[in-house]
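Beneath this line is the structure, given in structure tokens, with notes to follow.
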Amino acid sequence: MGASILGLTLLSLLIWLGLLTLRGQFWRVDQQLETFEPVLTSLPTVCVVVPARNEAELLPITLRSLLLQDYPGEFHIFLVDDHSTDGTAAFAEGVAHAVDKAKQLHILSSASLPPGWSGKLWAVEQGIQNATTFTPDYFFLTDADIEHDVNNLRRLVAKAEQEDLDLASIMVKLRCQSFWEKLLIPAFVFFFQKLYPFRWVNNPKNKTAAAAGGSILIRGTALERIGGISAIRQALIDDCALAQAVKGTGDWEKEKNTTSSFPTPSRKIWLGLSSLTRSLRPYPSLQTIWDMVARTAYTQLNYSPWLLLGTVVAMTLIYLVPPLGLLIGALLGNQLIALTGLITWLLMTLAYFPTVRFYRCSFVFAFSLPAIAFLYTLMTIDSAFRHWQGRGGAWKGRVYPG
């Protein structure tokens, strides 16, 4: 028994050494949108598209932050009211008049959801189609719960222009106020960065592609090249699907019957963190975060029971074995097992600490990664059960079983 436990703890240690040295330095939190004043050598036209479904409570803050962007070029905002029942459109109109920007805001009422579309992407599609009358150079896709820093659009456009990017996206700073948010939200970002190392995403020679749906600036020609939003119309993880299509690493190539299903990545995209633009979406309880993760976790695994099993085994080996090894080693009086478990636990704590610090949480939370990973594993299992029961992908009154 002792030999088996030692073998597992050593394997976990080797995995962590590999993650820290070979996986794009995902843990460093160094891919961030610059906070200094951006320099614009040109002023491309930008159309902002905001899908909104029952967002009246947040619009006085979030929509106001968009209308007051200091971008000196021409930009228009298209808010698509997706069958809201809380007066979203009226609130949006009131906000625009309050800041004297009524001419800049275009409010659309979404048509009925057609088969084969997710509600959000259908709303985005309608916003883009209406925005084409302005022949924009870029579309800025954002969510109705995002409070934008006044320079956010200017910085993203400058980034795209200076680095010749087809897509630039930021993972906005998620709300982190309640206990459950402090415990679980930084880990959500940590796991996302481990799955999609930002340095790999930002390297055109690497096929890894991802984006964060709360803030995506996409070049109009790039969107046209992939066939528009309809190319990803059924995607639940739509931000990453869009990034994969733009970079040239997704199944959209198969759908278009090209000669190569997976061309060598050559399109430039960029994904980073932002410390200034933030999400106002609250997650005050464990249940709210659980539902958020369970909505798409099994989708991320391509609805595969085998990938689910592999994920559970991997999460156990990577995150749970080290503290268990420390405990069992101490109980058995086996110093080698205990020391190996302790070293591995300290390595994962050091890896997680930069993300905890970025979210300005107590360093104590960095030691909680094994317990956090256990909860996320249960959420992933629950996501699979929801899918098998036909309740997968539920969001704002709609269910997308996949």
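Values in this text are rule-based calculations from the coordinates and carry no lab data. Small disclaimer: the values here were computed from a predicted structure and weren't measured. Every residue, glycine among them, receives a Cβ derived from its backbone with ideal geometry; neighbour counts consider all protein chains shown.
Projecting the Cα atoms of ALA131, HIS97, ILE237 onto the charge dipole of the range 31-284, computed from C-beta unit charges around the Cα centre, puts ILE237 farthest toward the positive end.
Set the bar at 27 Å for Cα to Cα. Now go through LYS120/LYS247; LYS182/LYS205; LYS182/LYS247 and name every pair that lies beyond it. Those over the limit are LYS182/LYS205; LYS182/LYS247. Here the Karplus curve 6.51 cos²θ - 1.76 cosθ + 1.60, taken at θ = phi - 60°, turns the phi angles of the range 15-27 into couplings of 4, 5, 4, x, 4, 6, 10, 10, 10, x, 6, 4, 7 Hz, with x standing for Gly and Pro.
Take ARG175, ARG53, ARG357 and order them by how many other Cβ atoms sit within 10 Å, fewest up front. Let's see the in-between values first.
On the way: ARG175 17, ARG53 21, ARG357 14.
Starting with the residue having the fewest Cβ neighbours, the order is ARG357, ARG175, ARG53.
For the pair LEU286 and ILE61 in one chain, pulling the backbone fully straight at 0.36 nm per residue adds 78.5 nm over the alpha carbon distance. Per the Cα gyration tensor, the range 31-284 maps to an equivalent ellipsoid with semi-axes of 26, 21, 20 Å, ordered largest to smallest.
Within the same chain, aspartates and glutamates fewer than 8 places from LYS268 are excluded, and of the rest, those with a Cα less than 19 Å from its Cα are ASP30, GLU34, ASP137, GLU161, GLU163, ASP164, ASP166, GLU224, ASP238, ASP239, ASP251, GLU253.
Please list, in order, the residues from the range 185-213 whose amide nitrogen is less than 12 Å from a point placed 7 Å along the Cα→Cβ vector of GLU163. Label zone hits: 198-204.
Both radii are taken from the alpha-carbon atoms of the range 73-126; with Rh as the Kirkwood radius, Rg/Rh is 1.03.
Using alpha-carbon positions, what is the distance between the centroids of the range 273-328 and the range 194-243, in Å? Using only Cα atoms, the two centres lie 21 Å from each other.
Restricting to DSSP H runs of at least four residues, report the calculated mean residue ellipticity at 222 nm for the chain, -39500 (n - 2.57) per run over all residues, nearest 500 deg cm²/dmol. Provide the component values of the computation, followed by the final result.
Values: 15 runs with 189 residues, N = 402.
Taken over the chain, the calculation gives -15000 deg cm²/dmol.
Here the label points at TRP388 and GLN335, each 7 Å from Cα along the C-beta direction, are separated by 4.7 nm in the simple model.
As a rough footprinting exposure proxy, the listed residues ILE128, ILE5 were ranked by other beta carbons within 10 Å of their own, and the order from fewest upward is ILE5, ILE128. Paramagnetic label reach from LYS194 (point 7 Å along Cα→Cβ; backbone nitrogen cut-off under 18 Å): within the range 360-375, residues 364-375. Of SER215, SER118, the sequence from fewest to most neighbouring Cβ atoms within 10 angstrom is SER118, SER215. Here the chain carries DSSP beta bridges of which approximately 30% are antiparallel, counting only pairs with both residues inside. Would you mind pulling out the separation of the Cα centroids of the range 108-156 and the range 11-29, in Å? Here the two parts' Cα centres lie 37 Å apart. Placing unit charges on the Cβ atoms only, positive for Lys and Arg and negative for Asp and Glu, gives the chain a dipole magnitude near 940 debye about its Cα centre.
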